[in-house]
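Every number in this text was worked out from the coordinates using simple rules, so none of it is lab data. Keep in mind it's a predicted model, so treat the numbers as computed, not measured.
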Amino acid sequence: MGSYVITVPGTVQRPVEEAARRTLLAVVHGADPEEAGAQVPDLDVLTLDEPEGTFVLRLEVDAPDHSAAGEAALVLARRAFAAAGYEEGAVSIGTPAVTGIDVG
C-alpha cells in the first residue's frame, strides 16, 4: 500500500461558484498532496481556469498500486463534484495521472 498524488484534469459546463468550491474542497479535505512523497510548496488541491472551464484536482489517495490509485481519485473527484451540485453531464473528468508516490 502506498500514498499516491493523482492529478485529475477536466472541464465544467458552468462556473464553480464559491459555495460549490467550498463544498468540493470539503469532500476532498485531507487529500492534500503536500502530505505525500516529496513536499511541494503552495500546491493547490483545486486549480480552475474559469474562462475556459477547465480544472485540475490534485488528490492524495492510498492504494495498493497506481491503477487502483487512479480509480480511487476518479471516484473521489466524481463524489466531490456531485456534492458541490454538479450533475454527471455537467463535469467531464479526464484521465488521471500519477504525479507523486510515497510507498514508504
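For region 49-104, the equivalent ellipsoid derived from the Cα gyration tensor has semi-axes of 23, 13, 9 Å, listed largest first. Using only Cα atoms, what Kirkwood radius does region 2-102 have, in angstroms? By the Kirkwood definition, the hydrodynamic radius is 13.4 Å. Using a cutoff of 8 angstrom between alpha carbon atoms and counting only pairs six or more residues apart, the relative contact order for region 2-102 works out to 49 percent.
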